[in-house]
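Notes for the one structure printed next.
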2 protein chains.
Amino acid sequence: MDVRAILFDVFGTVVDWRGSLIEELQAWGAERALTVDWPGLVDAWRGAYAPSMDRVRHGELPWTNLDALHRASLAELAPRYGLVDQSPQDMEWVNLGWHRLRPWPDSVPGLVRLRPHYILSPLSNANVALLVDMARLRGLPWDLVLCAEVFQHYKPDPESYLGACRLLALEPSQVMLCAAHNADLAAAQRVGLRTGFIKRVTEYGPHQVRDFGPEGEWDVVADDLEKFAAKMAA
Amino acid sequence: MDVRAILFDVFGTVVDWRGSLIEELQAWGAERALTVDWPGLVDAWRGAYAPSMDRVRHGELPWTNLDALHRASLAELAPRYGLVDQSPQDMEWVNLGWHRLRPWPDSVPGLVRLRPHYILSPLSNANVALLVDMARLRGLPWDLVLCAEVFQHYKPDPESYLGACRLLALEPSQVMLCAAHNADLAAAQRVGLRTGFIKRVTEYGPHQVRDFGPEGEWDVVADDLEKFAAKMAA
């Protein structure tokens, strides 16, 4: 392998979106004495993620970034789980919880170890502002921030993977996607990228139904990002 | 002012392109006993920069990134200054000299001081790979890498400045362009950005004919990036 750059899926692979959101929202709700089913809301919110992006991918919606998709699905779901009567500012603070997600404990040490050896970037379906806020708050050492919003194509559209290679001026074989999701890796591999699978078996908590292990011929498989860094000879 | 992000022009503002290229190429040519007019070549190469981008801006050429524009103008100019009979690999190494430009001595200290307080990004006419290589080699602490290639519009097209604001999810008034060139700042100001002027009176060496001082109502004026950081209360 002659890998020069590693692109990272972010939600689930680098950060624990479910644990972060539930913990933060439970604390926030407790301060306000709200009676909200927070795990139910967070799981339903995440459940709306792929269908909302698919509406963009299939042309039913014009390009819409993830903050806006999240905002719309939150507005629809919040009352069903008991989150009502909040100010627009508070609802926006809730929506921006995705900007504040906490990395898994191995993520920052793994990325720091990789960075002298490889160009590091997210390749996420999140939007630029979300990823920049998260990186600054959480110390994610990206060299640049690539994501669906830059290419106006959500993964797994090939334009997202190939757009990243084009901007990096690298051949797809010089670029690796690192992700906890087999479907994302399969799409990257189909257009020539190298692949690294990270096992994140608690990403969806008790509702996890897939991605317990590698389901393709991935170039590297590791239990976490520190072990991945070690395997990449970093 | 409620500035949240500062965008930097790079060539001339952050890095000393003329001094860097002449120094590196003179050393490289001496090792090979070449007799090339290096200052002449570098000045002519930079002279081709704006006209080549204007061909793209005016639709005479389809989108072409700066590495490719530089490559084409180098191929045309090199023989006139005595750079002949080099391998394609060596000519590419020369072309990639723009990826290795040296910052002015105050640039990295100034950026490091600003970074805790502001989102920092280039907004350069260079391409992504050039800016990423330079940042990694020279320690430029960008949060992300924005440039003409991302928007397929060279500055001073308004799409470049406004595209950066859109991806950052900020109003133009929350974004400042910092540049050593009055024309760049004027274009940014016309679409609502804040402006910071840095005096770089030796950028063009003996051939400098403009930008000895501020020629507009810029929000901040400073002699270098450390002084700029101090004025930005960083």
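The values are calculated or read from the model by the stated rules, or taken from the named source; none is laboratory data. The shown structure was predicted, so the numbers you read here are calculated from the model rather than taken from an experiment. Ideal geometry is used to build each Cβ from the backbone, glycine not excepted, and the neighbour counts take in all protein chains shown. With ligands, DNA and RNA removed, areas are computed over all heavy atoms of the protein, side chains included. Shrake-Rupley method; radii C 1.70, N 1.55, O 1.52, S 1.80 Å.
Observations on the structure shown:
- So A:E159, is it without any contact (Cβ under 8 Å) to a residue 24 or more places away in the chain, more than 11 Å from chain B (Cβ to nearest Cβ) and under 18 Å from the mean Cα position of the chain (by Cα): yes
- All positions within the range B:150-160 that are open to solvent by 10 Å² or more (accessible area, probe 1.4 Å) and in contact with an Asp or Glu (Cβ under 9 Å, 6 or more places away or on another chain): B:F151, B:Q152, B:H153, B:K155, B:P156
- Take the conditions (1) within 13 Å of the chain's Cα centre (by Cα); (2) surrounded by fewer than 20 Cβ atoms within 10 Å (Cβ to Cβ); A:L146 misses just one of them, which is (2).
- Among residues of the range A:204-234, those that are open to solvent by 60 Å² or more (accessible area, probe 1.4 Å) and polar (S, T, N, Q), counted: 0
- Taking every residue in the range A:20-36 that is part of a helix (DSSP H, G or I) and pairing it with any residue that is open to solvent by less than 50 Å² (accessible area, probe 1.4 Å) and among the aromatic types (F, W, Y), at least 6 positions away or on another chain, the pairs with Cβ-Cβ distances below 6 Å are A:I22/A:W38; A:L25/A:W38; A:Q26/A:W38.
- Note on the range B:85-152: enclosed helices (runs of 4 or more DSSP H) holding 1 or more residues that are within 9 Å of another protein chain (Cβ to nearest Cβ) are B:128-138, B:148-151.
- Single unsatisfied condition, A:S87 versus (1) of a type in the set (S, T, Y); (2) within 22 Å of A:A129 (Cβ to Cβ); (3) touching a Leu at 6+ places or on another chain (Cβ under 7 Å): (3)
- Residues (touching a helix residue (DSSP H, G or I) at 6+ places or on another chain (Cβ under 8 Å), part of a loop (DSSP other than H, G, I, E, B) and of a type in the set (A, V, I, L, M, F, W, C)) located in the range B:193-234: B:L193, B:W218, B:M232, B:A234
- Candidates in the range A:170-190 are the residues that are within 14 Å of another protein chain (Cβ to nearest Cβ) and not in a strand (DSSP E or B); of these, the one that is surrounded by the fewest Cβ atoms within 10 Å (Cβ to Cβ) is A:E171.
- Hey, A:G205 touching a Lys or Arg at 6+ places or on another chain (Cβ under 6 Å), farther than 21 Å from A:M53 by Cα and in contact (Cβ under 8 Å) with a residue 60 or more places away in the chain or not: yes
- Here the condition is being buried (at least 16 other Cβ atoms within 10 Å of the Cβ) and either at pLDDT 95 or above or under 16 Å from the mean Cα position of the chain (by Cα) (or both); of A:A75, A:A48, it holds for A:A48 alone.
- Number of positions in the range B:102-124 that are in contact with a Leu (Cβ under 8 Å, 6 or more places away or on another chain) and open to solvent by 10 Å² or more (accessible area, probe 1.4 Å): 6
- Filter result for the condition that a residue is of a type in the set (A, V, I, L, M) and free of Cβ contacts under 8 Å to residues at least 24 places away in the same chain, over B:A48, B:A72: B:A72
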